[in-house]
Amino acid sequence: MTTLTLRGLRTASRFQRVQPHPLLGLQSQFLVPQTPSFRYASTTSALPTRTPRTFPVNGPSTTLPAPLNVPARGENQSLVPYLYSVGKSYLAFYKTGVWNIYTNFKLSREVQRKIDAQNASTFSAAVVSASLTRSDLQLLVRNWHDIKRVPMFALVLLICGEFTPLVVIAISSIVPWTCRIPKQVESDRRKLEQRRSASFRELTTEPPTEAGVEKLAKTQLMHINKSLGLSFGMWDWVGGLPTGILRRKVSRRVEYLELDDGLIRKAGGIQHMELEEVKMALVERGVDVLSKGEAQLKGHLNAWLLSREKAPVEKLLLTRPSVWPVRMNAPEKV
């Protein structure tokens, strides 16, 4: 298994030259007892607001979409002015999302620099030395995910303006996570769950009993790829990605999940995980989340963590929660 390093999550070189905004004054908030800066779409002040840092098992609030406040239509309000006000709300939401990407970029650089200096850029060494929390990991991963999508999304936002929500639904893959509206998130998850369900129906091979992505057959690699959405669905129509690329993608995800599982345990388990964090963690592990309550979702994640003590990640990714070594239980410390 290859070593997962911070260099693999570094931002593009052109972003390294960005000068900090004079209002930010951001230091290493995730390594000292301070709080990250961000603002909501409904904020009227030019200065970013500040919120308390969440438990270290949760990612920073700035890595999630900000609240979207869409105004209600008045009884005597005509359609055109109403649509204009709705468009302004969406535009404010997207501006907030882009601002939060910049905030996350600044925060992630501080985390990267400290871990680089102490642990030679290796995630595993940072975890052992307690230099890296799950909050830090999610900051780095989500920041890298969003930074890669900024150029294309900025172009769409510049061209479409208030009409961006009508466009991005069809091209969701170019939208940073901080700029995804609730309907878009739900739509993406529904499509992924449909793709996952179809893949499970076609899966006939027995799941492995030992760890090791190199031992998986191509059909198993293809299933994990579809279930987790590691590549575009268009590849399904041409026979899927080449085996070498599939194995590399799956190997990286397995290594990430092993690291994430360990950091959740180090943070005390799932008791303090926020609902959206639980949903995101389950989606990353190939578990359906739509139409399920908080207790059931936390039960699934708890069952995953307990099952990991008896089975490798590869086996859990190739089976449904109903057949995991540990079935869904009430949340408990793991």
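The values are calculated or read from the model by the stated rules, or taken from the named source; none is laboratory data. What you see is a predicted model, and the numbers here were worked out from it, not measured in a lab. Cβ: placed from backbone, ideal geometry, glycine included. Neighbour counts: every protein chain shown.
Structure above, values below:
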quantity: Number of the exception - GLU193 against (1) in the same structural domain as SER307 (by TED's automatic domain parsing); (2) surrounded by fewer than 18 Cβ atoms within 10 Å (Cβ to Cβ); calculated: (2)
quantity: Only one of LYS249, LYS298 that is farther than 28 Å from GLU210 by Cβ and in contact with a helix residue (DSSP H, G or I) (Cβ under 8 Å, 6 or more places away or on another chain); calculated: LYS298
quantity: Positions within the range 262-298 being within 14 Å of GLU314 (Cα to Cα), of a type outside the set (Lys, Arg) and either buried (at least 19 other Cβ atoms within 10 Å of the Cβ) or modelled with pLDDT under 95 (or both), in sequence order; calculated: GLY286, VAL287
quantity: Exclusive hit being surrounded by fewer than 20 Cβ atoms within 10 Å (Cβ to Cβ) and not in a loop (DSSP other than H, G, I, E, B), set LEU306, LEU316; calculated: LEU306
quantity: Residue in the range 214-231 that is modelled with pLDDT under 90, under 16 Å from the mean Cα position of the chain (by Cα) and surrounded by fewer than 18 Cβ atoms within 10 Å (Cβ to Cβ) present; calculated: yes
quantity: Residue within the range 143-162 that is modelled with pLDDT of 90 or more, closer than 27 Å to LYS315 by Cα and either basic (Lys, Arg) or surrounded by fewer than 20 Cβ atoms within 10 Å (Cβ to Cβ) (or both) present; calculated: yes
quantity: Matching residues in the range 199-208 - criterion: being loosely packed, with under 13 Cβ neighbours inside 10 Å and out of contact with any helix residue (DSSP H, G or I) (no Cβ under 7 Å at 6 or more places or on another chain); calculated: ARG201, GLU202, THR204, GLU206
quantity: Residue that is surrounded by the most Cβ atoms within 10 Å (Cβ to Cβ) [pool: residues in the range 127-142 that are modelled with pLDDT under 90 and out of contact with any Lys or Arg (no Cβ under 9 Å at 6 or more places or on another chain)]; calculated: LEU132
